[in-house]
Every structure is written in structure tokens, then in C-alpha cells.
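Undergrad: My structure is below; once you've seen it, I'll send some questions.
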Amino acid sequence: MLEFDLRYRRGEFTLAATARIEAGVTGIVGASGAGKSTLLALLAGLLKPQAGALRFGDETLVDVAAGQFVPPWKRHFGLVFQDGQLFPHLSVRDNLLYGWRRLKPAERRLGFDAVVDLLELRPLVARRPSQLSGGERQRVALGRALLYSPRLLLLDEPLSSLDDRLKQQILPFLRRIKQETRVPMLYVTHATAEVDYLADRVLSMRSGRLPAGEEASLR
């Protein structure tokens with residue numbers, strides 16, 4: 001279970017987010033500028049809150065009052081951005097294995113072949129990112145995150161840069177990840193159709209506030 005009560009301020013923007021999130025897929029929806037990506041950055045450890053606490057399972061990752069902050073590389077969360085952010089100088093194979101190679105063998109919960117087959121990446125492994133379509137790049141980014149064997153997968157509007165045709169191609173792969181890997185996910189988007197298709201529950205964020213006046217809706 002992920003539990004947090006975080007406060008963060010940057011300029012005129014203030015975020016106040018409180019939630020208890022169980023396993024499965026949790027959608028976080030809201031308009032552009034609501035603070036969704038900022039929240040994911042706080043959960044991933046890319047930003048430090050000015051107040052509050054964050055726990056994952058029995059582990060405290062952030063406790064501002066106690067001066068505790070676990071850096072992102074020790075949280076073992078996977079993060080997928082809207083543009084994939086693949087390494088352009090590496091092949092698809094080497095992109096996929098980037099985090100996997102940095103794990104101890106005992107930490108590797110998913111194998112290369114299993115992830116490649118899950119996301120149908122076999123024909124792409126020798127290519128470079130510049131030779132991929134937008135949908136293919138996102139599938140590789142998802143595969144790289146999965147091969148890192150994350151405890152939690154954070155998805156920051158992963159389909160927002162794709163057209164409707166490519167979105168319809170990627171969504172079934174996300175559902176397969178949910179069903180076959182059982183990795184818990186936080187899925188940030190402003191597209192309600194995506195969370196309707198994928199999420200077990202949905203939280204709404206408005207003007208930096210989570211929850212935005214209502215409880216999570218369960219699917």
C-alpha cells in the first residue's frame with residue numbers, strides 16, 4: 001500500500017495531496033496544470049516536499065519532520081513519461097536492459113524474453129529509437145520500466161503524445177501488464193477514457209488538491 005500526505009510549493013502553485021492507495025491500477029485525473037505530474041515527481045523522489053510524509057508498505061520514504069528522504073534510485077519505482085525518454089544512442093535491446101543490468105540477479109523478477117513477448121517487441125530489438133514509431137517507443141519505455149522490476153509503476157500521461165490510433169494500440173498492452181505482472185500502477189492522465197478502460201479506482205485532482213473533495217471511485 002502507498003500512503004502519503006505531502007505539501008509542496010513552487011512559486012504561486014501549492015500542492016496538497018493525501019491518499020491511501022491499494023494494489024491494482026489507480027488513475028489520477030485532472031486538467032492540465034492540476035499538479036498531477038508534480039505529484040508523481042514527489043512520489044518518485046525527483047522533487048522534495050516542504051512538509052509531509054510518504055510510506056510504501058512498511059517503509060517510510062519521506063518524513064520531512066524527521067529529516068528522512070529516500071533518494072529516487074533507492075525507492076525502486078518505475079517511471080514512464082509521455083515521450084518515453086529512451087537513450088537515442090542505444091539499441092532497443094540495450095534500452096530495455098539498462099535498469100535490468102544494474103539489478104542483482106535475485107532482484108530480477110521479470111526476464112527479458114518474457115517482457116519482449118508481453119509487449120511484442122521482438123522485431124524491434126536491434127533498432128535505434130530514431131527508427132521507431134511513437135507507439136513503439138512507448139512500448140519500449142514500458143518494457144524498460146518493467147525490466148527494472150519496480151515495486152510500483154508511475155505512468156505520467158504515457159499516451160498523451162500519441163494519436164487516437166496509437167492510443168488504441170497501446171492500451172491493450174497496459175491492460176496485459178496489469179493482468180500478467182500484477183505490478184501496482186499509478187496512471188496520471190487528463191483522458192478519462194483511458195482510466196475507464198484500465199483503472200480499478202480513480203482519484204480526481206484539482207488546483208493542486210488531492211483528493212479534490214471526493215473519495216476515490218471504485219471500478
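The values are calculated or read from the model by the stated rules, or taken from the named source; none is laboratory data. Treat the numbers as computed from the prediction; the structure is a model and nothing was measured. Quick reminder, even Gly has a Cβ in these numbers, built from the backbone with ideal geometry, and neighbours come from all protein chains shown.
Undergrad: Do the conditions hold for residue 48, that is, is it closer than 24 Å to residue 195 by Cα and of a type in the set (Lys, Arg)?
TA: When the stated conditions are applied, residue 48 does not pass them.
Undergrad: Does the range 138-158 include one or more residues that are farther than 28 Å from residue 42 by Cβ and in contact with a Lys or Arg (Cβ under 6 Å, 6 or more places away or on another chain)?
TA: The answer is no; no qualifying residue exists.
Undergrad: Can you run down the residue pairs with Cβ atoms below 7 Å, 6 or more apart or on separate chains, where the first is in the range 100-124 and under 22 Å from residue 74 (Cα atoms) and the partner is among the acidic types (Asp, Glu) and surrounded by 10 or more Cβ atoms within 10 Å (Cβ to Cβ)?
TA: none
Undergrad: Of all residues in the range 154-174, how many are under 14 Å from the mean Cα position of the chain (by Cα) and under 29 Å from residue 57 (Cα atoms)?
TA: From the range 154-174, those under 14 Å from the mean Cα position of the chain (by Cα) are 154-160, 174; that's our starting set.
Then drop every residue that is not under 29 Å from residue 57 (Cα atoms), which leaves 154-159, 174.
The total comes to 7.
Undergrad: To continue, here is another question. List the helices (runs of 4 or more DSSP H) that sit entirely inside the range 1-98 and contain at least 1 residues that are aliphatic (A, V, I, L, M) and either surrounded by 20 or more Cβ atoms within 10 Å (Cβ to Cβ) or modelled with pLDDT of 95 or more (or both).
TA: Where helices (runs of 4 or more DSSP H) fall fully within the range 1-98 and carry at least 1 residues being aliphatic (A, V, I, L, M) and either surrounded by 20 or more Cβ atoms within 10 Å (Cβ to Cβ) or modelled with pLDDT of 95 or more (or both), they are 36-44, 92-96.
Undergrad: While we're looking at this one, here's another question. Give 189, 181 a once-over and let me know the one that is of a type in the set (S, T, N, Q) and surrounded by 20 or more Cβ atoms within 10 Å (Cβ to Cβ).
TA: Going through 189, 181 in turn, just one is of a type in the set (S, T, N, Q) and surrounded by 20 or more Cβ atoms within 10 Å (Cβ to Cβ): 189.
Undergrad: Taking residue 144 and the conditions (1) within 24 Å of residue 20 (Cβ to Cβ); (2) at pLDDT 90 or above, which numbered condition does it fall short on, given that it satisfies the others?
TA: Every listed condition holds for residue 144 apart from (1).
Undergrad: Would you call residue 136 in contact with a helix residue (DSSP H, G or I) (Cβ under 7 Å, 6 or more places away or on another chain), of a type in the set (Asp, Glu) and either closer than 24 Å to residue 77 by Cβ or free of Cβ contacts under 8 Å to residues at least 40 places away in the same chain (or both)?
TA: Considered against the rule, which asks whether it is in contact with a helix residue (DSSP H, G or I) (Cβ under 7 Å, 6 or more places away or on another chain), of a type in the set (Asp, Glu) and either closer than 24 Å to residue 77 by Cβ or free of Cβ contacts under 8 Å to residues at least 40 places away in the same chain (or both), residue 136 comes out as yes.
Undergrad: Considering only the range 103-216, give the helices (runs of 4 or more DSSP H) lying wholly within it that have at least 1 residues that are in contact with a Pro (Cβ under 8 Å, 6 or more places away or on another chain).
TA: Fully inside the range 103-216 and qualifying: 134-147, 164-181.
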